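The values are calculated or read from the model by the stated rules, or taken from the named source; none is laboratory data. Being a predicted model, the structure only gives us computed values, none of them experimental. Glycine also receives a Cβ, built like all others from the backbone with ideal geometry; neighbour counts cover every protein chain displayed. What goes into the accessible areas is simple: the full protein's heavy atoms, side chains included, and nothing from ligands, DNA or RNA. Shrake-Rupley method; radii C 1.70, N 1.55, O 1.52, S 1.80 Å.
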Amino acid sequence: MTKIVHDPDPGPLRAKAYPSVGDQLDAIWKTLQTLSAEVQMPPETVAMLEKINAVKARYAKGNR
Amino acid sequence: MSDLMLVPNGETMTAFVMADASGKIVGSGNIPARMLSIQKPPVGGSRVLGNGTGKTHHIADGVITERKNNTTTLSGMRLLSIPNPSTVTIDGENACVVTDGEVDLSFTQPGTYTVLVSSFPALDATFQVTQP
């Protein structure tokens, strides 16, 4: 009996299976928001976090 | 469908297929009969009058012939009753010529894979195999 071992590149398989980049970033920003209360963040990070929060405030989800 | 067809201007249309040297149909058409002579088949191949597609037909002894069923079956992770010789590909890769009629498949990554068994002139056989 012939034996075939298929050994695909895991890179494309991972890329297909990962959550969207947007969902990943959202989780990261939520983490940074939580950490910002206790940790001194770089000014660029603080500025970006403020922009993100401003967008969230402008387009609030309400009771969704 | 008839091999011959009359178009509005009165010209007779003729169906034909082109095959390569192995008998694989590589093209087909339906053209005015007067244009048949300029339809050149691949080197070593043939031009045969009639209807057929490469997916379901081939040329055998100058005749458009239906491709026979592929006998391959899938049992778990094993392909059985494979025509000899055959080429087995997985997701279009890993082409392997099989001459002993059976293949034991394994996969290093989880997922669902498309396994194609080709043994011209038999029809291609395609299976979906899932590695949990």
- Message: Just to make sure I understand: if all protein chains stay in place, what is the order of B:Glu93, A:Glu38, B:Glu11, B:Glu66 by accessible area at 1.4 Å, largest first?
- Response: A:Glu38, B:Glu66, B:Glu93, B:Glu11
- Item | Solvent exposure, largest accessible area first (probe 1.4 Å, DNA, RNA and ligands not counted), of B:Tyr113, A:Tyr59 | A:Tyr59, B:Tyr113
- For B:Leu80 and B:Thr130, FRET efficiency with R0 = 22 Å and r from the beta-carbon atoms, rounded to 0.05? 0.80
- Item | P(r) histogram, all alpha-carbon pairs of the protein assembly as shown included - 5 Å bins from 0, percent | 1, 6, 10, 10, 8, 8, 7, 7, 7, 7, 6, 6, 6, 6, 3, 1, 1, 0
- Query: Counting only the heavy atoms of the protein chains, how much of A:Lys56 is accessible to a 1.4 Å probe, in Å² to the nearest 10?
  - Reply: 90
- Which of the lysines could a cross-linker bridge to B:Lys68, judged by Cα under 25 Å and excluding same-chain residues fewer than eight apart? B:Lys24, B:Lys55
- Note on the structure: For B:Val26 and B:Thr12, extending 7 Å from Cα along the Cα-Cβ vector and measuring point to point gives, in nm, a value of 2.9
- Message: Please compute the average number of Cβ atoms from other chains found within 10 Å of each residue's Cβ in peptide B:102-114.
- Response: 4
- Distance between Cα centroids, segment B:40-56 to segment A:12-39: provide it in whole Å. 56
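Taking a 1.4 Å probe, which of B:Ser81, B:Ser86 shows the most accessible area, and what order do the others take after it?
B:Ser81, B:Ser86
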